[in-house]
Structures are given as C-alpha cells and as structure tokens.
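First the structure, in the form of structure tokens, and then the observations on it.
The values are calculated or read from the model by the stated rules, or taken from the named source; none is laboratory data. The model shown is predicted, which means the values in this text are computed figures rather than measured ones. Because the Cβ atoms are built from the backbone with ideal geometry, glycine has one as well, and the counts that use them run over all protein chains shown. What goes into the accessible areas is simple: the full protein's heavy atoms, side chains included, and nothing from ligands, DNA or RNA. Shrake-Rupley method; radii C 1.70, N 1.55, O 1.52, S 1.80 Å.
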Amino acid sequence: MELSFTQGRWNYDRWGGFDPISSSNAKPPGVELWAVFDVPKDQVDASWKNLTHTLSGLFCASINFLESSTTYSTHEWGFHPSSGGLRYGTLPREAVCTENLTPWLKLLPCRDKAGLSALLDRPSIYRGFYHSQRLHLTSSEFHSSGVESGIVLEQALTVVLQPNSHKMSKTFSSETKLQPSWSLSSIFGRKVTGRCILAKTSNVYLQLERGLVTGLENLQKDNMITGPDHVGSGGLKDNPGFELSVRPDKMFKEVNSLHGKSSSILYEYSIERYSVFEPFDLGLTWKFPVVWSCPRAPLHSSRFLMGSGNQRGTIAISFTSTDLEEGFLSANIGEESCKLQADIFQVVPWYIKAYYHTLRVFVDGQPEAITNVVEKMHVSPSEDKESPGVMELVLKFPCAVKSAALTLEFDKGFLHIDEYPPDANQGFDIPSAVIIFPNFQTSMHYLEDNSSNKSPMLSKFQEKSPVLSYTEVLLVPLTTPDFSMPYNVITITCTVFALYFGSLLNVLRRRVGEEERILKNSASKKAGRLPQLLSRLSAKLRGKEWEPPQSPSTSSSFISSKLILKVFIVAGVAVFWQYYSE
Amino acid sequence: MGESESENEAPKVKLRPIVRLGMFLISHSHLLSVVCCTAGVLTLLLLPLLAKNTYISENALMPGSANPMLSSQEVSEANGLVKDLTSLDLKRMASGIESQRLIAQYMSNLGAEVSFQKFYPQSNQFHPLHFFSSPDSATIRENISCSSYGLNTVGIIRAPRGDGKEAIVLVTPYNSEKIGLGEALSLGIAYSVFSLLTRVTWLAKDIIWVVADSKYGEYAAVDAWLRDYYIPVFSGLGIQNAEMCHGLEENTIRERNMRDGFKRAGTMAAALVIKVADRSEQFEDSLSIYAEASNGQMPNLDLINIVNYLAVHRQGLRIKVEKMWSLLNCKWLKILGEILESLGHLAKNLNPQWKFGIPAADYVEGTATLTSSLYYQALGIPTGPHGAFRDYQVDAVTLEISSRVSSNNKGRQNDFLLRGGRLIEGVIRSVNNLLEKFHQSFFLYLLTSPTSLYAHANNLDPSFEKNESNHPASAADELGITLRSWKWLYAAKKVLVVHLWGAVVLLLPYFICQIPNCTPTTSFVVWVLLSIFSLLILFWILGSPFSYVYASQPQQREWALLKSVTISAAFIGLCLMSVINFATAEIGALLMVPMCLMAHPLKLDVKSRKLRNFSRVACNLALGFIGFPPTAFLVFKGVFEGFDGISVGDFWNWLESIWAWSSATYLYIGMIHLPCWILCIHVILHPC
C-alpha cells in the first residue's frame, strides 16, 4: 500500500525526472493511494472501503471520498503489476497541510522531538515549492522472499525548498550568477542535535548529480590549466566549486557502466557523533558558478485540454524529446528496430465521456496509424455514476522521435444536481495520467567500502524501478446549473399547482344549473333600483328592447366602474393632501 | 375594464374571463400596439433613471483588501525595460526579432518559462460558408512566406505551490516594428507586475504574459495565440516550414525554448489586456474600459467592477467608458432630462421613499453612454483584443490607461508605472482569490454611466417585451378573420420568397469583392443593382406570386394578410435575434416595429381624404425611408457626425467590417430587416 500527500508540482525539467528520487517520490498534487489486497476477489472492494475510512481517520484527510466506486479504479498491467487485487485512487483537490503531517510524524518513533525529524519546522517546510509525504507499507508475508513475517513501514518526506538567503542578484546574465549557498540552519531554521535514541542508523546524504559533477570536473580542469600547482588530490574532496562546512564521513561514487561521462557522488554524514552541544549544521557555500542540468526522463510529457465550450473537448498528451539521454539512445541506435516504450495509465471520471475510438497519434507532426504505435491497449469505458473510465496504453515510438502527441475526444456529461461539489463552478478535475518508461531503470549503484553494513538508503537507490512521471492535473469546466434555480422552479411549480387546483376546485364545487337558477331568481326578485333604471336607459338609448338583467355581470360591472371611480377620487385627494401638507 | 367591454356578449354566451380579456385586447389591437410601442420607447429613454448601482457580487474577490506590494524597485526595473525598448527602437528599424529577444531575456531573468509563438497573418476574407465556423487550418497556411510572420512572446510564471490548473492571462499588444512610447510603457507596467509576481507567495494560479506582436493587428495576434492554445494542430507542414525559416538565428538557450514549443498553463480564469494610450489627458490620469466582444457578448460584470473599484478607490484614476459625444449637446435630451428631474423632485415630495430623480446632466451623460454601449454591442465587432478571449468563454477586458502629461519627465513616468502596476496587481490578486470561475454577476447588461458603472439586466427585458407584445395581438387580429380559409398561405409564400431573396442579397458581397479595384461607392451601387435584379428574377422564376394572387382572388384584404404575415415573420426574426445579440434586436425593433405596424396601402389612404389618413401616409413614408438600412445608417451617421463628407460608400465599408468580423448583425440586416422592409414597402404601395 502506498499513500502520498502532495502539495505543489514536481518540476521535471529542473528537479530531475530520471533519478530514483524523482520517480519514486514525485507524486501528483493531492492524495494518491494505491493498495494491493491479498483477499479473495469479491472482498477486495469491501476491504478497500475499510482501508480508505481507516486512513482518513488516521490522517485527518478526506480519503474516505475514495470509497465510492466512481473514484477508484483497477487496472490490469499498468504500473504496479499485480493480480487483480489492486485498487488505485486519487483526490487531486485535497489540500495538504500540517494536520496531515502531524499524524505522519506520530508514526515515527521519536516523532519530531529528536533525530533528523527535528529539522521539520512547519513554516519552513510549507514555504517551499513542493512538499510530499509518502507512506509505504509492505507486508512481508505478502512478499514471498520474506523470512520473518511482519509489516515494513517506509515513510518518506520530499521537500523542495528555496534557500532563505535568496537574494536575486540583479545582473541580467545567468553566466555570472552564483548559485545561492545554503545550510541546514538557513533552510530549516533548525539544527540537528543528535540522533533519535531508538534509531539504528541516522544519516544525512548529500548527492551531487551527474551533471554537476561533470561541471565541477570541467571547472577543475580549467583550474589545473590556469594554476598547475593545484593538484586535485583525492578526487573532489577539496574541489574548487564549492565548500562544505562539515567534512563528510564517507563518500560514495556511483558505479555506472552505461554513462560514459561521469557519475554522481554521494556524501554520507552520520548524525550519531553530534549532540546538543555540537549540533550538526551542514552548509554548502558556492565558490564558482556552475551551470548544470539534471537528468531528465527520455520524453518530456505534458497534458492539456483542447477545445472550448461546454459540450465537448479533447485531452491531448504531448511528448517532446529531451535529448539528454544520448548515451542510451546512441547505444541502441545501431539496431534497426529501436523502440522507445512508454506506458500511459489514464483514469477519467465518468462525467468526462471519453470516446476511445477517437484516439489519434501524431509522431513528429505526422498522423500515424494507431497500430503502428500502440503496442497494447486496455480500455474499460466509464459507466455513468458507476465507474471511471480507464485507459492503459503501451506505446512504442521510434528512438529518433522528436515530438509525439495523443489526442482523445470526450463529451462533457451532466451531473445530477446533488452530485455537484460545493465549488462546482471551479470546474472538475481529471486526475494525473501516469507515464512510465519501462525500458529505463532508475538505479544507482554506489561503490561501497564494505557491504556488511549496507545502509537502507543505498539499497533503496539500487532498487530497479522504471522511470515514472505524472502529468498535470486538468481542470474541465462543466456546465453548472444556476443553483438558485430550485427556488425559481419551486415558485413556478407552486403557482402552476395553485392555478390548477383552484380551477379544479372551482369546477368540482360548482353546480352550474343550480347556480343559474338561483341567480335568475335573485335577479328578478331584488334587482337594485338604480342599475335597473340605468340598464333600461341604456337599452332605450341603443334602441333595443329592454329585458330584465339576467346576469350579474351588468350590475357588477356598473358597481366596479363606480368603485374604480371612487378609488381614483380618494387616491387623488390623498395625493393632493400629501403634496400640500409638506 | 374587460367586463364592461364584454357587456354586449354577456346575454349570448357567457365566456370565461380570460377569453373575454383576449377578445377585448384583439378588438382594441390598434390602440394597444400604439400604447405598447410608446411604452417601449419611453422605457428605453427612462433606462438611465432605472439603472441600478452595481456591486461586486462575488464575495471571494475581495478587491483592495490587501496592500499593494508593488514597490519602486520593480518600477525602476520596468523603467530599464522601457528605456531599452525605446533605445532599441531609435537605433535601428531592422529585423523585428530583436525586441522580442530583449523581452524574452528580461522574462527569463525573472525565472519565468519563455516561449515564442509564430503566427501568420490571416486575411479577413469573407467566405459565405464559413460564416460561423472559424476558418480551418488548411486555409490559414495557404501562402506562407518566411518574411511575413508575427512572433508572440509568452512568459509563464508557475505558481509556487499551486497545482497549475488555472491561469490568469496578461496581454500587452505592441508593434514589433515600431515601438511607440505608449506601447513601451504598457510593456513596462506588465513587466513590473510580472516581476513582482515571480516573488510573491500568495499566487494560486499561474500567470501567463503574452506579448502580442501587433504588426498585423492586435486582435489577429491574440487570436492566433489563443487558437494555438485551444485548437493546436499537430499535423501539418506549417510548423516545419516555420522551423526552417527561423532556425538560423537562435542561440542555445532559446533554441531549447523554441523546441520545447508551445507552453501552456491550465484553464484560463480571466484575461486583462493592458494598453497605454499615446494621447495624453488634460486633467488627470484616466482609464478606459473596453468590454464588448463579438456579437455583443460582455464579460462578467464582476471583472469590470473590480477594475472600476480599484481604479477609483485605490489608484485615483478616472474611469471613462465610451460614449456618443454628440449626444451630450442634444437639446431635446437636455429638456427631457430636466423634465425627468422635476418629475423626480415631485415624486420625492410626495413620498420621500421614491428616489428616481437624477440630475439632468447625469441623465444626458447616461443616455450618451447607453447609446454607445448599445451601438457597440449591436455592431457585434469586438472593441479590442479582449474579444478573442470571449470566443473561448474567457472573461476579458481591455484597460487603456492614459496619463495626464506626455510623460517625458522621469518622476511622472515612475508614478504612472507605479499606479498602473498597482491597479493590475490588485486585479490579479482579486482574480487569484477567486476559487471558482466568474459566475455570480450579470453578463447581459448595458453600461449607462462612466463614473460608477450601472448595470441592468432585469429591467431591460420588460421594455423589449413591450415592444414585442404588440405583434401577436395585431397579427392575430388580421389572421383571426381568415384563418379558416387557407388564403394566408399565399401571403406566407410571398414572405418566404422575399426572405429567400434576403439570403441571396447576403451572399452577393462575396462575389462583388472579387471584382478588382472597386471603390466602396461603386461596389455599393453594383450591390444594389444586383439585388434588384435578383429580386426581379426571383419573382419571374417563382411564378410571380403577385399575379397568382390577383388571378385567384381579387379581394381587398390581401394586403392585410400580407401585413400580418410580415409582422409575424418580423416577430420571429426579432425573437431569434434577441437571443443572439440583444442590442441588435433592440435597435432593430425600434426601427422595424413601427414600420411594420403602420404599413397601410397609400391608395386607400389617399382615397379617403381625412387628416388622419394623411398623417398616416406621412408616417408611412417617413418610416419607410428610415427603415431602409442604408438610409438609416447614413441618417444616423449624419446626425451624430455631421452631414459633410458622407457618401454611400461609407455604408459599404461599414457592412464590410461587419462581415469581416462575422457578426450576426450582418445576417440580421440581410435576413430579417431588409425583407421586412421590402414587404412593408410592398404593402404601402399595394394597388388595392
């Protein structure tokens, strides 16, 4: 099971997309949860519900929204291959805050009182660009290899921070800009004062990326040319690029057979030596500006919406080659059938009615037949109010691909009025798609002194896992009803009902024949003197034979016209009185 | 009143009151239609009085609740950009790419993602079949030459902790070939805001700054960018072509930017177009707001309200809205205003609760603004680059800031940049606060007053309804007589034929503009001749319904039937139009409704020599004259702008601009107004 809370976006261009950190720790914004259940198939959903509720209670988050079948999905062979018992769900809109971090910290033996986690000063963490907390639970009896039975809990917190002393140098050319120097105390505002007593090992690692090491080596070469007396002894220990405030305890160099250029370096600091009186405060001061770029995934992927209006749209996923993996590509380029494999796993909510037959693929600006590119495809269409649509694709691009794009058309559905969330007018989220490059493994082997005390961090780095990246979350504006409409509808229906029932009652209550007889009688008996006279007069004026008034309408009309006259007179008097009294 | 009327029928059959009321209305349809018409016109005149004060209805916007963070530091940076741009302009007029490069350099120094977007100017060619759809990509890329493309520069700030689902767009159009001071200043304002926003922590939405290359018009540049944003074309040779043209002159960093291609950021929440007017104001810094998009669509009123609130209450700018200046000096309007003012006083004396009186000057100003608002909405042509956004359902306004003095001295310019920047910052901050898209406030309204904007969506509708309600009454009157016999079918057929002819007339300009070097006047004349010719041909082909009717039934009431069918056709047309563009329908109803209702054969009137009939003849002639679209246009133009220098060619130009922007008004004129006018004229000249 893996649960992650993330705020902010991982910048795959700047922060890397090809190392173990980015592919295992970069997560989509919001909450992502996947779990594999080792229960009979019919109980999987029930235990998923159970799990979501438990987690939501534990982490003070609305993970329980994942229980409804419209939010989670199951997949066959996407990125965590398993046999049917896997459920995957995301909540892109979940806001992550300290209330989610505190329960996470409670799972640590020393919480944030001692050890490394003492660094976690909340304001400085949440000031950063990116923040992701991850919880990975593995039951070892589930793993066949495990000898001892038990559950392994792995917690990781990934933070991208901006150094505090970040004063933008206003010289407008990036060549002369010095990278900001940093230290643990300036970033976190705290220092490490010794390890947590319960911890077996407590280490801080500092990794220099390949690109950076290359840059530093170049710098060193330059220095050697200019100042030949300075001989680099012991690799980069006293390198010209930067200065470390604390000498590392150990240094590892990456063993790589594939990259011809240079390998990354890992510094290890053991916290055990430090105490309250001698706090550990690692600092790094740059001496020379170095420009380097991080390793990036073979294709840079981005996803966006096309089209406007409330009826239909198109989801497009575009890939652009990053051209940084020349080592990889050129190694394989000799072969004719060099293929770059990319797996896409995409979940769309049911109100985005994707038409999977409209899938189109463009490679380098030319439309391609789907069968040429798509190796394998698994689609489970969405069911209204039942389940989301899931699409899994295995794409094979030619290695020399520059850019590629996938488009998928969809219709926007209508929701029932009580299915709208409170902020329906913001739009609806489509969760991130996951893009996996299974041909590329992120593993770093470091040269170790003695393999006996293998630290967990290094072994984690060595684990082979495919390069993984998430695309952006999309926001689809759907048609939203005017939520004051129910009020209008209620008033209108009430009026119609009143009219209907009024006339119905009228018809039912009346006995027409009876009424007419009574009216005739009463009219002949006691017709008013004045109206009778008047009607007689008018009949004479018209030159017709006078007949006694049969309907009350004549008299009533006379009365009403008189009444109106009276009302007018009274109103006029009132107006005059008001006007002249002021 | 209904009861007293139905007195006669009471002895016979006692009808339901609603039926009696209907019969009463029908029997008095003439009076009723006159009353309704005058009421409609009166309501239109009263609108400035009835307008309501606006308020910001979305609470989440919270405009002006935070102190502006824009400081003199950003402004001095922006000044650097302005200076660089103007000096660049002074130095040389060579390839325009240099200025884009400079702006891109400035943007990327701020840490924003920069990309360029190429586009090709698209000639506004009228095509009869592509009236409502935008031209497809195949026609765009017809003749691409490497020399003629525009280059938009787009910078995007990613919100540090946001999820990147939404974006706010800033647009600054500028001419890359010749940068005026105003354009440089508008770039400066946008840059100062942009540089502030790269550092702030409160940003929840991404910011896109589009520096639109207005070499081929501001609208075209923004439209091209939006088209690439929303409807990108993946396949096509155009991209490769462009790559070839441009590949020579890129350095390394920018090359990668170019190749990364078009950058995007989420759904657009709102867009602001910033312009600085080159002309200077006499009194104080002022701000003009342009909001009308194609077919009279308006942005959400909240957006205008925020701008208005921040400009007036925070930055002390004077808000101006477009108005008909010539109306300000109208005598009768002033008198009307005074009458209304005294009426208002009277009402206030009677009851202090009744406050509908406004000063006469305010009334005149309100009417002028209302008229221009009505006119620009009815025209259906967007008043600025913001119109392009509206086509994709994004709320956008154009803000044109003009400074008091032609800002040559440094201090003034700094102050100007600071105020403009703070205004934009405030607006962006408000929109940023908004979690949902704009949905609270009105989107169907007319602006009546510049200082504080008034809106009215609700009180407009009844006035129009009144204008309309007379149609069914009188139509039913005429129809009621002869509905049983199928005689009205001939009239309906005639009306249909004339409307068909209207469609033919609509298509004629497409062929006329194929004729090389035509002056507007000659093409107009050709158009009129062709129209008349086609009318004659149509009657000849379709077996001349006139003669047929004569032969079959030589009865006198034929014109009445024709009139009633005309009225119902006009009613349907106006109803349809009011859905598409309300202002057009409003103006059209003003012209058409009296004309259709008054139409009466001249012969009958002349025969019976009474004063009433002669006045009707006069009215008919006047209405028939004013109802013809060209004469109506020329008369109004003459009234508002003076009669000297008016030619019939102006109408052609006006019409050309309408169809170039594919405005629904064009369809309205051709399909509804002109046929109804022809039919009315036919009724007037009817030989009965």
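Of all residues being hydroxyl-bearing (Ser, Thr, Tyr) and out of contact with any Asp or Glu (no Cβ under 9 Å at 6 or more places or on another chain) in region B:55-96, which is modelled with the lowest pLDDT? Just the residue, please. Reasoning before the result, please.
So in region B:55-96, the residues hydroxyl-bearing (Ser, Thr, Tyr) come out as B:55, B:57, B:65, B:71-72, B:76, B:86-87, B:95.
Within this subset, residues satisfying the condition of being out of contact with any Asp or Glu (no Cβ under 9 Å at 6 or more places or on another chain) are B:55, B:65, B:71-72, B:76, B:86-87.
Working: B:Tyr55: 74, B:Ser65: 82, B:Ser71: 84, B:Ser72: 85, B:Ser76: 87, B:Thr86: 81, B:Ser87: 81.
The extreme case among them is B:Tyr55.
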Going through region A:271-295 in order, the residues found to be open to solvent by 40 Å² or more (accessible area, probe 1.4 Å) and in contact with a Phe, Trp or Tyr (Cβ under 7 Å, 6 or more places away or on another chain) are A:Thr285, A:Lys287
task = Check region B:11-25 and report whether any residue there is assigned to a helix (DSSP H, G or I), open to solvent by 50 Å² or more (accessible area, probe 1.4 Å), closer than 30 Å to B:Ala347 by Cα and modelled with pLDDT under 75.
result = no
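Test B:Asp278 against the criterion of being in a helix (DSSP H, G or I) and either under 20 Å from the mean Cα position of the chain (by Cα) or within 30 Å of B:Leu70 (Cβ to Cβ) (or both), and give yes or no.
Values: in a helix (DSSP H, G or I): no; either under 20 Å from the mean Cα position of the chain (by Cα) or within 30 Å of B:Leu70 (Cβ to Cβ) (or both): yes.
Criteria not met by B:Asp278.
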- Test: B:Lys348 is assigned to a helix (DSSP H, G or I) and not hydrophobic (A, V, I, L, M, F, W, C): yes
Exercise. Would you call A:Ser4 assigned to a helix (DSSP H, G or I) and either closer than 20 Å to A:Ile436 by Cα or open to solvent by less than 50 Å² (accessible area, probe 1.4 Å) (or both)?
Worked result: no
Exception for A:Arg14 within (1) of a type outside the set (Asp, Glu); (2) surrounded by fewer than 16 Cβ atoms within 10 Å (Cβ to Cβ); (3) part of a loop (DSSP other than H, G, I, E, B); (4) more than 14 Å from every other protein chain (Cβ to nearest Cβ) falls at (4)
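Could you list, in sequence order, all residues of region B:323-343 that are more than 29 Å from the chain's Cα centre (by Cα), closer than 25 Å to B:Ser373 by Cα and without any contact (Cβ under 8 Å) to a residue 24 or more places away in the chain?
Taking region B:323-343 as the starting set, the residues that turn out to be more than 29 Å from the chain's Cα centre (by Cα) are B:335, B:338-343.
With closer than 25 Å to B:Ser373 by Cα added as a condition, the list becomes B:335, B:338-341.
If the condition is that a residue be more than 29 Å from the chain's Cα centre (by Cα), closer than 25 Å to B:Ser373 by Cα and without any contact (Cβ under 8 Å) to a residue 24 or more places away in the chain, then B:Ile335, B:Glu338, B:Ile339, B:Glu341 are the ones that fit.
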Taking region B:489-543 and keeping only residues that are within 25 Å of B:Glu558 (Cβ to Cβ) and outside any helix (DSSP H, G or I), one is left with B:Leu542, B:Gly543
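With the requirement that a residue be under 22 Å from A:Lys353 (Cα atoms), surrounded by 18 or more Cβ atoms within 10 Å (Cβ to Cβ) and either within 14 Å of chain B (Cβ to nearest Cβ) or among the acidic types (Asp, Glu) (or both), what does region A:365-406 give you? Full working, then the answer.
Step one: list which residues in region A:365-406 are under 22 Å from A:Lys353 (Cα atoms), which gives A:370, A:374, A:376-394, A:405-406.
Filter again for surrounded by 18 or more Cβ atoms within 10 Å (Cβ to Cβ), leaving A:382, A:387-394, A:405-406.
A:Glu392, A:Ala405, A:Leu406, listed by residue number.
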Qualifying residue in region B:220-233 (condition: touching a Pro at 6+ places or on another chain (Cβ under 7 Å), assigned to a loop (DSSP other than H, G, I, E, B) and within 13 Å of chain A (Cβ to nearest Cβ)): no
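Tally the residues that are closer than 18 Å to B:Ala167 by Cβ, of a type outside the set (A, V, I, L, M, F, W, C) and either open to solvent by 10 Å² or more (accessible area, probe 1.4 Å) or not in a strand (DSSP E or B) (or both), restricting the search to region B:202-219. Spell out the reasoning first.
Residues of region B:202-219 that are closer than 18 Å to B:Ala167 by Cβ, as a first pass: B:202-212.
Among the residues that remain, those that are also of a type outside the set (A, V, I, L, M, F, W, C) are: B:205-206.
In the following step, the residues that additionally are either open to solvent by 10 Å² or more (accessible area, probe 1.4 Å) or not in a strand (DSSP E or B) (or both) were identified as B:205.
The qualifying residues number 1.
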Every listed condition ((1) modelled with pLDDT of 50 or more; (2) in a helix (DSSP H, G or I); (3) open to solvent by 30 Å² or more (accessible area, probe 1.4 Å)) holds for B:Ser485 save (2)
_Residue check for B:His682: surrounded by 14 or more Cβ atoms within 10 Å (Cβ to Cβ) and outside any helix (DSSP H, G or I)_ = no
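Within region B:39-81, track down each residue that is of a type in the set (S, T, N, Q) and not in a loop (DSSP other than H, G, I, E, B).
Kept after step one, since they are of a type in the set (S, T, N, Q), are these residues of region B:39-81: B:43, B:53-54, B:57, B:59, B:65, B:67, B:71-73, B:76, B:79.
Once the filter is applied, which keeps residues that are of a type in the set (S, T, N, Q) and not in a loop (DSSP other than H, G, I, E, B), region B:39-81 yields B:Thr43, B:Asn53, B:Asn59, B:Ser72, B:Gln73, B:Ser76, B:Asn79.
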Listed by first then second residue, the pairs whose first member lies in region B:645-674 and is within 12 Å of B:Gly588 (Cβ to Cβ), whose partner is open to solvent by less than 20 Å² (accessible area, probe 1.4 Å) and part of a loop (DSSP other than H, G, I, E, B), with beta carbons under 7 Å and at least 6 positions apart or on separate chains, are B:Ala664/B:Gly380; B:Ala664/B:Asn581; B:Thr665/B:Gly380; B:Thr665/B:Asn581
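What are the residues in region B:180-206 that are β-branched (Val, Ile, Thr), closer than 14 Å to B:Tyr106 by Cβ and over 28 Å from the mean Cα position of the chain (by Cα), if any?
First, pick out the residues of region B:180-206 that are β-branched (Val, Ile, Thr): B:189, B:193, B:198, B:200-201.
Filter once more, keeping what is closer than 14 Å to B:Tyr106 by Cβ: B:189, B:193, B:198.
Passing the criteria: B:Val193, B:Thr198.
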Filtering region A:475-504 down to residues that are under 41 Å from the mean Cα position of the chain (by Cα), surrounded by 10 or more Cβ atoms within 10 Å (Cβ to Cβ) and either in contact (Cβ under 8 Å) with a residue 24 or more places away in the chain or within 11 Å of another protein chain (Cβ to nearest Cβ) (or both) yields A:Leu475, A:Val476, A:Pro477, A:Leu478, A:Thr479, A:Thr480, A:Pro481, A:Phe483, A:Pro486
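One line per residue, one yes/no per condition, for (1) at pLDDT 80 or above; (2) out of contact with any Asp or Glu (no Cβ under 9 Å at 6 or more places or on another chain); (3) open to solvent by 50 Å² or more (accessible area, probe 1.4 Å):
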site	(1), (2), (3)
A:Ala297	no, no, no
A:Ser301	yes, yes, no
A:Leu305	yes, yes, no
A:Thr320	yes, no, no
A:Asp323	no, yes, yes
A:Ser337	no, yes, yes
A:Ile344	yes, no, no
A:Leu359	yes, no, no
Being in a helix (DSSP H, G or I) and over 25 Å from B:Leu42 (Cβ atoms) narrows B:Gly387, B:Gly366 down to just B:Gly387
Taking region B:366-401 and the residues there that are surrounded by fewer than 23 Cβ atoms within 10 Å (Cβ to Cβ) and of a type in the set (Asp, Glu), the one that is nearest to the chain's Cα centre (by Cα) would be B:Asp391
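Out of the residues in region A:407-440 that are within 12 Å of chain B (Cβ to nearest Cβ) and touching a Leu at 6+ places or on another chain (Cβ under 7 Å), state the one that is modelled with the lowest pLDDT. So that I can check it myself, show each step before the final result.
Kept after step one, since they are within 12 Å of chain B (Cβ to nearest Cβ), are these residues of region A:407-440: A:407, A:420-432.
Restricting the remaining residues to those that are touching a Leu at 6+ places or on another chain (Cβ under 7 Å) gives A:423, A:426-430.
Details: A:Asp423: 79, A:Gln426: 82, A:Gly427: 84, A:Phe428: 87, A:Asp429: 88, A:Ile430: 89.
Selected residue: A:Asp423.
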Scanning region A:17-40 residue by residue, those under 13 Å from the mean Cα position of the chain (by Cα) and open to solvent by less than 10 Å² (accessible area, probe 1.4 Å) turn out to be A:Ala26, A:Pro28, A:Gly30, A:Val31, A:Glu32, A:Leu33
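Tally the residues that are in a loop (DSSP other than H, G, I, E, B) and within 11 Å of chain B (Cβ to nearest Cβ), restricting the search to region A:295-315.
Start the filter on region A:295-315 by keeping residues that are in a loop (DSSP other than H, G, I, E, B), which leaves A:295-298, A:307-311.
Still in the running and within 11 Å of chain B (Cβ to nearest Cβ): A:307-310.
Result for region A:295-315: 4.
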